[in-house]
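Written below as structure tokens is the structure these notes are about.
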Amino acid sequence: MSDRISECLRLRQWVIPLLTRSIEPNEWAESAPRVSRDAWILFFAAETFAWPLARRLGDSVSLLPADAQTALTNAARLEMQRIMAARAQLDALDHVAALCYVQPIVLKGGVALADGSHGFDLGDLDLMLAPHEVEVFGRALVEHGGYHYNVRKGHYYADGALPIELQDKLEVGHGVKQLSELHTQRLSKYDRLCRLSPMGHVLYMIQHSTTKHALRRGHLRDVLLIGSALDACSTWELSAVESAVHESPMAHVYVPMLEFARATRVGDAPSGVLVDVFRPIAASKYATSVWFPRGSPPLFPLLLDQIPHFVASSSDGWRLAIGYLTTGNPERSHWYWPPLARVSALLARAVGMVIRTPYRMLALAMAAIVGTYIRLFYYLVLPAASGK
């Protein structure tokens, strides 16, 4: 077990110079570490960035070891298939939005999907609408889009499509003040779909990938995604993003994530070796990917997302617990009495929260135990396995 995780960490250490453009693909490919086929597969499955990586490598893929070529080619092909399907799904969502005269705001990775020059494999699509439009669009998804609503998970599902989560406000907090004032613009190539301003888009993704989902701190797919979003920012907006993350109480997490993302852009390659401050989080991600594979009982995927709160720092653990009682709680925004037309939506959300809360709290307790073990595993077992 420790050998597999150690191999994945070696792959991560080796691939970062390529992503930060501090080394040429040919030179990088020839220096690929010799690890097992299973390690390659686990690495690409955990980081979900095979397609962007294959594009960066180009013809240099042929210089990789045979196992790496197979794992990368297969993973990139599957990711590209999902990317193309998701783009078609966005077209269909734009049509549904036109039928009910709403303007959904596409969040996070969905914005990159709409840009033909980028492509990232996503787990779901997040859309934000005005509070009075959420039920209208949700009903239209069922009636015209072929979706059905899963109360327990709070998402809309359709065969062969990414799950859709509808929000009526951004899940922000942790000191990103600029996100309290929304500025949106029309998403190019679409009639109804919109997006956040470039600055708001970057800030929201940094916040979401670090404090909302601690397991994704330093996640290579998310780092590249934020890097691509920075391309749309003007010089003034880049300065505003830097100021916002440095002034945030979570600057110790936001700043490294921003610096990592900036280093992946053309012309922003670091002059020296980029220190991977997210390596411990990556170790926990690889470990939990081995211990709790996809298809595990519902508790385990939730557990995976809570563990790093305890692995990264003790303050994260306290913040996670307190989050259930503060406005940073994602469910908090639904605790109000809506107009009569939204009573059914309120009840559906209440039922979903009642179902989810018990195993969330159980996962919180389990994460404290397992997170402590992973901390010891990273600092004690992995060095011994790698001969350090």
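In segment 156-173, which residue that is modelled with pLDDT under 90 and out of contact with any Gly (no Cβ under 9 Å at 6 or more places or on another chain) is farthest from Gly200 (Cα to Cα)? Once the filter is applied, the top-ranked residue is Gly160.
Among Glu237, Glu247, which is modelled with pLDDT of 90 or more and within 24 Å of Thr184 (Cα to Cα)? Outline the logic, then answer.
On the way: Glu247 fails: modelled with pLDDT of 90 or more.
Testing whether each residue is modelled with pLDDT of 90 or more and within 24 Å of Thr184 (Cα to Cα) leaves just Glu237.
The set of residues in segment 137-172 that are open to solvent by 40 Å² or more (accessible area, probe 1.4 Å), within 23 Å of Gln81 (Cα to Cα) and out of contact with any strand residue (DSSP E or B) (no Cβ under 8 Å at 6 or more places or on another chain) comprises Gly146, Asp159, Gly160. Cβ separations smaller than 6 Å between residues 6+ apart or across chains give the following pairs from segment 106-132 residues that are under 16 Å from His208 (Cβ atoms) and of a type outside the set (A, V, I, L, M, F, W, C) to residues that are open to solvent by 10 Å² or more (accessible area, probe 1.4 Å) and outside any loop (DSSP other than H, G, I, E, B): Gly109/Leu225; Asp124/Glu165; Asp126/Glu165.
For segment 213-252, what are the residues that are under 16 Å from Leu122 (Cα atoms), open to solvent by 50 Å² or more (accessible area, probe 1.4 Å) and touching a residue at least 60 places away in the same chain (Cβ under 8 Å)? Hits for segment 213-252: nothing passes.
Once segment 27-63 is narrowed to residues that are in contact with a Lys or Arg (Cβ under 8 Å, 6 or more places away or on another chain) and not in a helix (DSSP H, G or I), the residue that is surrounded by the most Cβ atoms within 10 Å (Cβ to Cβ) is Phe49. Close contacts from segment 6-24, counting a first residue that is within 13 Å of Ala39 (Cα to Cα) and open to solvent by 10 Å² or more (accessible area, probe 1.4 Å) and a second that is of a type in the set (A, V, I, L, M, F, W, C) and in a loop (DSSP other than H, G, I, E, B), with Cβ to Cβ under 7 Å and a gap of 6+ residues or different chains, come to Glu7/Val35; Arg10/Val35.
The values are calculated or read from the model by the stated rules, or taken from the named source; none is laboratory data. Since the structure is predicted, the reported quantities are computational estimates derived from the model, not experimental observations. Positions of Cβ are generated from backbone atoms using ideal geometry, with glycine treated the same way; all protein chains shown enter the neighbour counts. Only protein heavy atoms, including side chains, enter the accessible area calculation; ligands, DNA and RNA are left aside. Shrake-Rupley method; radii C 1.70, N 1.55, O 1.52, S 1.80 Å.
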